[in-house]
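The values are calculated or read from the model by the stated rules, or taken from the named source; none is laboratory data. All values reported here derive from a predicted model rather than from experimental measurement. Cβ coordinates were reconstructed from backbone atoms using ideal geometry, including for glycine residues, and neighbour counts include every protein chain displayed. Areas reflect the complete protein model, heavy atoms only, side chains present, ligands, DNA and RNA absent. Shrake-Rupley method; radii C 1.70, N 1.55, O 1.52, S 1.80 Å.
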Amino acid sequence: MRIVRTVADLRAALQPVRGTGTVGLVPTMGALHEGHLELARRARAGTDLVVMSIFVNPTQFNDPSDLAAYPRDEARDVELAGSAGVDLVFAPDVAEIYPPGFTATVTLHGPIVEALEGAHRGVGHFQGVTTVVAKLFGMVSPDRAYFGQKDAQQVRVVQAMVADLNIPTEIVVVPTVREPDGLAMSSRNRRLSPFDRARAAHVSEALRAAELAAAGGISDAGSLVHAARKILHDNAIDVEYLELVDADTFRPVPVLVTGPAVLAVAVVIGGVRLIDNVVLRLAPHP
Ligand code: AMP
């Protein structure tokens, strides 16, 4: 396992495998947990050389205090990455990614960047994501890149970006890894007090209630959202958004039809912003 901090060293380390083997990329912001490690294990199984980037990307944070409070623990991250089969950690400084004079941005348009996270964190959020992911793809030229379903809208945005820009990287989506009580793993969970950590389990419980309702034949968005909202409300959880959207377009869906829909939620618990989602489908006719 090697750590490189510059694009030049990254390219040199990847040179021997070019043309002979496949490269997998796992982009992260560090503070690794089982969700990230599952992405790394999938990359290990699916490609010959696994690169994990660890970079807390300032341009995707709309809230400076969130950026300042973002947990960082590189020594632990490197050890965990190695144990999950990562060959190369790319951990650049901010100036390596955004050198003086840097002006480029990658900007998508439409509901997939404007809905949900785009509406609440501002359109700059996904612009920050697409710009840094496009740069990482340019640096690593991965055959496959691994992203978590936990950030469902981010995955959709990255898929749209590689399609629109003809980037020859396959996007592999990895299911959300959860704690035993259902809470989606997140680097932000460690900022929850024990009291709030226990309350946070109600977020996935709420999504499961909607999932059960859909499995029971309920298909209108109002009822599905209500099933989830009731649990959040009963537990006094502040909801930023809770919406049922088409999994492809991220436009609101009034009723479940044939295609998959995403019930996506953002909450704030004890000052910590958490997101989660579940994919809902029309229940098959009995
Ligand atoms: P982050 O470090 O939060 O930017 O996340 C890096 C990658 O890990 C993203 O593709 C996330 O979607 C993914 N990820 C984060 N949490 C989870 C989780 N609980 N399960 C699966 N993937 C995750």
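Kindly check whether there is at least one residue in the stretch 140-147 that is in contact with a strand residue (DSSP E or B) (Cβ under 7 Å, 6 or more places away or on another chain), closer than 19 Å to Ala115 by Cβ and open to solvent by less than 20 Å² (accessible area, probe 1.4 Å).
The answer is yes; a qualifying residue exists.
Give the residues of the stretch 74-90 that are of a type in the set (Asp, Glu) and open to solvent by 60 Å² or more (accessible area, probe 1.4 Å), sorted by residue number. Walk me through how you get there before you give the answer.
We begin by selecting, within the stretch 74-90, every residue of a type in the set (Asp, Glu); these are 74, 77, 79, 87.
Result: Glu74, Glu79.
Which pairs have Cβ atoms under 8 Å, sit 6 or more apart or on different chains, and link a residue in the stretch 22-33 that is within 13 Å of Ala84 (Cα to Cα) to one that is near the ligand (Cβ under 7 Å from one of its atoms) and open to solvent by 10 Å² or more (accessible area, probe 1.4 Å)?
Qualifying pairs under 8 Å: Val26/His36; Val26/Leu39; His33/Val177; His33/Met185; His33/Ser186.
Which residues, taken from the stretch 8-52, are away from the ligand (no atom under 13 Å from the Cβ), open to solvent by less than 40 Å² (accessible area, probe 1.4 Å) and assigned to a helix (DSSP H, G or I)?
Across the stretch 8-52, the qualifying residues are Leu10, Ala13, Leu14, Val17, Gly46.
Looking at the structure I just gave you, is Val113 farther than 26 Å from Pro180 by Cα, under 16 Å from the mean Cα position of the chain (by Cα), of a type outside the set (Ser, Thr, Tyr) and buried (at least 21 other Cβ atoms within 10 Å of the Cβ)?
Criteria met by Val113.
Just checking, which of Arg229, Arg190 is within 16 Å of the ligand (Cβ to nearest atom) and either touching a His at 6+ places or on another chain (Cβ under 9 Å) or open to solvent by 50 Å² or more (accessible area, probe 1.4 Å) (or both)?
Numbers: Arg229 fails: within 16 Å of the ligand (Cβ to nearest atom).
One residue alone meets the criteria, Arg190.
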